[in-house]
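The values are calculated or read from the model by the stated rules, or taken from the named source; none is laboratory data. Every value quoted in this text rests on a predicted model; they were computed, and no experiment measured them. Here Cβ is always computed from backbone atoms with ideal geometry, including for glycine, and neighbour counts include all displayed protein chains. Please note that ligands, DNA and RNA were not included when accessible areas were found on the heavy atoms of the full protein model with its side chains. Shrake-Rupley method; radii C 1.70, N 1.55, O 1.52, S 1.80 Å.
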Amino acid sequence: MKRFIPILLLIISIIITSCKADERKTTVSFFSMDTYMSIDAYGDSSEAAQKAKNRVLELEKLFSATDANSEIYAINSGNFGSVSPETLELTGFAVEMSKKTGGALDPTIYPILREWGFTTGEYRVPDSETLSELLKNVGIENVKLNGNSISLGEGVMIDLGAVAKGYASEECAKILRENCVASALINLGGNIQLVGSRPDGEPWRIGVADPLEPLDDKNVGILSVTDCAVVTSGNYQRFFIENDTVYGHIIDPKTGIPVNNDLLSVTVIANDGTLCDALSTALFVMGYEKAERYWRDNRDFEAVFITKNNTVCVTSGIYQNFELSEYFDFELVEIK
Ligand code: AMP
Ligand code: MG
């Protein structure tokens, strides 16, 4: 029996220490999906972090609307053969969220995005005839999912840009957890996905950027959160200026014109990163009043809305975890 005691102790200590984070940190930084990304993983995590990065690169190859070898490119070119489960799942999700959000999120916006130059960086303001012609093909009724293939109506093209980073961040978190990483911060171009808490056991402190001065280090406020996703959308993230007018990358599918309403940014907090990504874009399109109503009707997420009249509106489930920065003269309002 004496011989077995040390073995037993060893087994117990392995069980106790397994998947525990320590301060050792692996950072993997890379460029994908048209943005800078980084994965900070704690403990014995370097292999897992590499695997997570490789998964993002793999997903980019499926979802990119501009890569001639991607599945989305093939679908947009009229090749309606079978696609991977990932492309099927994410397209299906985007279609469902489009229905749920009354068309505020719409993956068929792609031809319009292209016309504004958001897919190439060669920006221009399209004329209204061109836009109304292109708008005829916008709408998810033009997307059909049949078994494992996706087909589109004539002239219809899709873009998963509003949900792909959220989906990729979920996949990263899954890989890290499967590989026994208990603490990680995944930042895919501002789409934050958190695994567990900080290695010291404290909540993560995630800054909500100032949409008026996004390049400044100063945040409007800080969210203290654990094991969830935090995703922000706003037209300050990508835009061009022509004749003193700012045109941002989030388009209202009803008009084909970049959103210009009472919101500066929307941050969505929930466990599911793909949902956060879809919702932050959709709520930004809706404008404050509709977005607030959407939260009241659903309540499966929390949100921080920054409005053009310098108000920060925070939903009740996250209000206690939000700390307004001392630098800002914004009014803080709890949405109940
Ligand atoms: P996000 O950064 O997640 O808010 O997504 C913005 C990206 O989604 C844009 O860069 C476009 O690729 C795409 N997009 C723009 N407007 C819409 C929209 N109304 N519905 C779906 N995707 C959109
Ligand atoms: Mg989004």
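Residues in the range 86-134 that are aliphatic (A, V, I, L, M) and away from ligand 2 (no atom under 16 Å from the Cβ): 88, 112, 125, 131, 134.
Taken together, the residues in the range 291-302 that are touching a strand residue (DSSP E or B) at 6+ places or on another chain (Cβ under 7 Å) and within 19 Å of residue 259 (Cα to Cα) amount to 2. Residues in the range 93-105: is at least one more than 23 Å from the chain's Cα centre (by Cα) and of a type outside the set (Phe, Trp, Tyr)? Checking the range 93-105: not a single residue is more than 23 Å from the chain's Cα centre (by Cα) and of a type outside the set (Phe, Trp, Tyr).
On the basis of being modelled with pLDDT under 95 and away from ligand 2 (no atom under 15 Å from the Cβ), does residue 262 make the cut? Spelling it out, it is not the case that residue 262 is modelled with pLDDT under 95 and away from ligand 2 (no atom under 15 Å from the Cβ).
Within the range 106-120, being more than 21 Å from the chain's Cα centre (by Cα) and either assigned to a loop (DSSP other than H, G, I, E, B) or without any contact (Cβ under 8 Å) to a residue 12 or more places away in the chain (or both) holds for one residue alone: 117. Being in contact (Cβ under 8 Å) with a residue 24 or more places away in the chain, away from ligand 2 (no atom under 16 Å from the Cβ), over 21 Å from residue 265 (Cα atoms) and of a type outside the set (Phe, Trp, Tyr) is not true of residue 224. The set of residues in the range 196-220 being within 19 Å of the chain's Cα centre (by Cα) and modelled with pLDDT of 95 or more consists of 196, 204, 205, 206, 207, 208. When the strands (runs of 3 or more DSSP E) confined to the range 200-316 are screened for residues that are more than 12 Å from ligand 1 (Cβ to nearest atom), open to solvent by 50 Å² or more (accessible area, probe 1.4 Å) and among the aliphatic types (A, V, I, L, M), those reaching at least 1 such residues are found at 239-242, 245-248. Return the residue satisfying two criteria in turn: it lies in the range 35-47 and is in contact (Cβ under 8 Å) with a residue 24 or more places away in the chain and outside any strand (DSSP E or B), and of such residues it is surrounded by the fewest Cβ atoms within 10 Å (Cβ to Cβ). This residue is 47.
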